[in-house]
Amino acid sequence: MGKLLALVWLPASIGLTALAVASIIEQIHPGTIQWLAPFASALKLYSGFTQQLNAPLAGAVHQYANMNMPGWAPDGVVAYAASASGFAMGSTNFTSQEDQFSTLRSSAASMGWPLAILTFAWNAFRNRQVGKFAAQHTSLFVLYIVAVGAVLAGAHWGPQFLAAHSA
């Protein structure tokens, strides 16, 4: 059951992460990218949803921390949560686990993936070797990030590709 759920959630989390990153790009440089029509429609729906989250989240941050939150902050939260959950699903289902502690360690590394990557790199540099756990999880992280990049590249260059190949 876990692998089936992972096979469904991994592509969904990649798409959600790509939408969140695209939304951040649109907020920083509005209208600079012409997105492929289906992606543009999904981005519009996604942006409407996150705008509804922005007001209460910004109000809470302002009330408790006395800080103004940038408009893209909800997108950053969504991108991080989607990527971390995708990593967690992938790492617990598609990497080798020796025992229950490895599964727990895998989930923890997935939830804190930016720090995990830095830790893996530091340990590899310090010990002059890469452990199996670090190699598998770093590969998973890199593949996930490449997949998100591929979705964004397809959504960005898709119109030009389709126009060039439909003539």
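The values are calculated or read from the model by the stated rules, or taken from the named source; none is laboratory data. These numbers were taken from a predicted model, which means no experiment stands behind them. Here Cβ is always computed from backbone atoms with ideal geometry, including for glycine, and neighbour counts include all displayed protein chains.
Tabulated data
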{"read-out": "Residue match in region 117-135 (condition: under 15 Å from the mean Cα position of the chain (by Cα), free of Cβ contacts under 8 Å to residues at least 60 places away in the same chain and within 20 Å of T17 (Cβ to Cβ))", "value": "yes"}
{"read-out": "L10 being over 20 Å from H156 (Cβ atoms), of a type outside the set (S, T, Y) and either modelled with pLDDT under 85 or surrounded by fewer than 13 Cβ atoms within 10 Å (Cβ to Cβ) (or both)", "value": "no"}
{"read-out": "Residue tally, condition without any contact (Cβ under 8 Å) to a residue 40 or more places away in the chain, surrounded by 14 or more Cβ atoms within 10 Å (Cβ to Cβ) and part of a helix (DSSP H, G or I), over region 63-86", "value": "6"}
{"read-out": "Count of region 1-45 residues which are small (G, A, S) and not in a helix (DSSP H, G or I)", "value": "1"}
{"read-out": "In region 70-85, the residues that are of a type outside the set (S, T, Y) and either touching a Gly at 6+ places or on another chain (Cβ under 9 Å) or at pLDDT 85 or above (or both)", "value": "P70, W72, A73, P74, D75, G76, V77, V78, A79, A81, A82, A84"}
{"read-out": "Candidates V148, V142, V130, filtered to the one that is surrounded by 11 or more Cβ atoms within 10 Å (Cβ to Cβ) and assigned to a loop (DSSP other than H, G, I, E, B)", "value": "V130"}
